[in-house]
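The next block holds one structure in the form of structure tokens; read it before the comments.
The values are calculated or read from the model by the stated rules, or taken from the named source; none is laboratory data. None of these values were measured; they are calculated from a predicted model. Because the Cβ atoms are built from the backbone with ideal geometry, glycine has one as well, and the counts that use them run over all protein chains shown. The accessibility values were calculated without ligands, DNA or RNA, using every heavy atom of the protein model including side chains. Shrake-Rupley method; radii C 1.70, N 1.55, O 1.52, S 1.80 Å.
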Amino acid sequence: MKGKNSKPWSGRFEQSTDPVVESFTSSLGFDERLFPYDIQGSIAHARMLGSSGLITNEEAEAIINGLEEIREEWEMGRFPLDESLEDIHMNIEARLIKKIGPAGGKLHTARSRNDQVTLDLRLCIRYEIYEIIRKLRSAQGKLLASARNHIHTLMPGYTHLQRAQPVTFAHHLMAYFEMFSRDIQRLEDCLRRVQVMPLGSGALSGTCLPVDREAVAEELGFDSISSNSLDAVSDRDYALEFLAGLSILMMHLSRLAEEIILWTTAEFGFCELPDSLCTGSSLMPQKKNPDPLELVRGKTGRVYGCLIGLLVTMKALPLSYNRDMQEDKGPLFDAIDTVKGSLSVITLCIENLKVKEDRMLQGVMHGFLEATDLAEYLVQKGVPFRDAHNIIGRLVLDATKRGWTNLSSFSLDELKGFCSHFGNDVMPYLRPEKAAYRKNIQGGTSPSRIEEAIKKAEKDLRKY
Ligand code: ARG
């Protein structure tokens with residue numbers, strides 16, 4: 001079988017591939033994205049083949065030049081893709097042979113697509129990890145800039161979505177700064193497992209040819225080489241870890257998206273988004289909807305799906321490579337694009353969020369957000385906390401019955417009726433707007449602590 005239907009592997013075949021199978025098995029539709037990494041990996045491999053004497057230096061040079069020309073063709077949109085050639089790897093090899101002749105047929109010496117494809121994926125994920133970290137840092141920069149402006153902006157802090165205690169808006173923003181820092185750490189940690197060079201593993205058992213694996217690793221900037229060829233071609237842990245890191249990151253983005261969505265409702269009214277970051281309704285003329293943020297929230301499910309999809313693909317696969325693993329690319333690329341898009345949207349929203357301090361303060365003033373501080377006041381007077389809790393609870397009940405929404409209207413005499421330990425110095429404790437300033441503990445919400453936290457974060461971020 002030669003001619004039109006011939007494949008690089010067609011030697012032992014007597015029939016040409018059924019077109020249904022050809023299109024079903026092709027990964028070209030989604031692995032073209034590995035193009036630059038495949039060229040990069042092949043150049044390093046060819047150089048090593050040359051310096052190890054497995055091919056002549058002239059052949060190595062011809063291959064490298066050919067690959068570089070192919071890269072130019074691709075960059076200019078002139079690289080011809082042949083659907084019958086299964087994937088991007090075989091397309092590049094076939095193009096090389098066409099361009100430089102038989103020397104091109106030596107590129108695949110001591111290499112299988114099984115170790116080649118996992119090398120390409122590792123290069124791709126490494127690149128994307130740096131990209132995503134860069135985007136996370138940019139989002140952190142916008143959080144910091146906004147936090148700086150809101151060190152003294154008070155807002156109700158919530159538990160159970162019920163008003164709980166006053167916090168500063170800067171403190172709230174800095175909570176997301178912390179989450180993004182952990183996301184960066186997770187990606188950096190994952191990078192340690194990505195940074196392992198698999199070439200030399202061959203199809204599964206290694207190669208009898210004396211390749212220099214360390215040289216390839218060094219040229220490509222990997223930290224080490226894989227230690228078990230069976231594992232190396234079967235391993236997608238690094239991709240799973242990456243997707244797990246992206247899933248947690250999306251969970252953070254969706255929580256922030258949800259909060260901004262809530263804050264921009266008429267019911268909360270804490271913030272406003274510019275028109276440019278909202279969309280309208282095809283029917284209701286008055287609507288201005290936070291669709292981009294809803295999509296960040298919605299796309300979180302999509303990224304979780306990518307993680308679960310790949311976990312299920314990998315489940316129970318016998319060693320070593322199985323074609324099932326070709327299905328790794330769809331979820332991986334989808335998650336990468338979704339996360340990068342979501343980060344761009346979230347960053348814009350953080351940067352352009354208009355904060356309505358007066359509405360936030362109103363929230364602080366109504367809902368007994370000072371109650372815990374008052375209990376802690378009694379604790380400082382020697383009252384056991386459990387008793388203090390009960391006394392203030394009764395105070396809140398009494399105020400509620402009078403139709404009050406905070407404790408500031410009680411006179412000292414009335415307070416003394418609830419507990420003899422109340423003294424003159426209690427008055428500031430009755431004012432909810434003072435509460436945040438008392439949380440002057442490490443990690444607390446007081447403006448001076450937040451200022452410290454912002455300074456430290458600014459210093460950390462400036463390192464990059
Ligand atoms: N396109 C394949 C993939 O992405 C390349 C590896 C094919 N290997 C094989 N033995 N058929 O997984």
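A few remarks follow.
- Note on the chain: with charges restricted to the Cβ of Lys and Arg (+1) and Asp and Glu (-1), its dipole about the Cα centre is near 1480 debye.
- One quarter of the convex hull surface built on the alpha carbon atoms of the chain amounts to 30.3 nm², the projected area averaged over directions.
- For the range 396-432, the set of chymotrypsin sites (Phe, Trp or Tyr not before Pro) satisfying both a DSSP loop assignment and a count of at most 15 other C-beta atoms within 10 Å is given as 404.
- Accessible surface area normalised per residue over the chain is 48 Å², counting heavy atoms of protein chains with a 1.4 Å rolling probe.
- Mean Cβ count within 10 Å, highest first, over the residues of peptides 123-131, 280-288, 385-393: 123-131, 385-393, 280-288
- Element breakdown for the range 20-129 at a 1.4 angstrom probe: carbon and sulfur atoms account for 52% of the accessible area.
- Per residue, the average separation of C-alpha pairs within less than 8 Å and at least 6 apart gives the range 272-331 a relative contact order of 23 percent.
- For the range 13-126, radius of gyration divided by Kirkwood radius, i.e. Rg to Rh on alpha-carbons: 0.97
- Two-decimal ratio, the range 407-464, of alpha-carbon radius of gyration to 2.2 N^0.38 Å: 1.74
- Dividing the Cα radius of gyration of the range 338-464 by 2.2 N^0.38 Å, with N the residue count, gives 1.42.
- Rg over Rh for the range 293-405 works out to 1.34, using Cα positions for both radii and the Kirkwood form for Rh.
- Helical content alone sets the calculated 222 nm signal of the chain at -19500 deg cm²/dmol, taking -39,500 (n - 2.57) per DSSP H segment of four or more residues and averaging over every residue.
- Here residue 401 is the anchor, and the lysines within straight C-alpha reach of less than 26 Å, apart from those fewer than 8 places off in the same chain, are 416, 434.
- Leading residue at positive end of dipole, the range 302-395 (Cβ point charges), from 355, 368, 312: 312
- Inverse of mean 1/r across different Cα pairs in the range 296-360, Kirkwood, Å: 14.3 Å
- Split the accessible area of the range 205-270 by element, probe 1.4 Å, and carbon with sulfur accounts for 51%.
- Restricting the GluC sites (Glu not before Pro) of the range 7-59 to loop positions (DSSP other than H, G, I, E, B) with no more than 11 neighbouring Cβ atoms within 10 Å leaves 14.
- Pairs over the 26 Å Cα-Cα cut-off, from the set 315/340; 299/456; 299/455; 142/456; 7/315: 315/340; 299/456; 299/455; 7/315.
- Note, ³J(HN,Hα) from phi for the range 206-212, Karplus 6.51, -1.76, 1.60, rounded to Hz, x at Gly and Pro: x, 9, 7, 7, x, 7, 10
- Kirkwood Rh (inverse of mean 1/r, distinct Cα pairs), the range 207-288, angstrom: 18.1 Å
- Along principal axes, Cα extents of the range 242-351, largest first, whole Å: 58, 26, 21
- On the principal axes of its alpha carbon atoms, the range 149-286 extends 71, 40, 27 Å, with the longest extent given first.
- Accessible surface, 1.4 Å probe, highest first, among residues 233, 312, 196: 312, 196, 233
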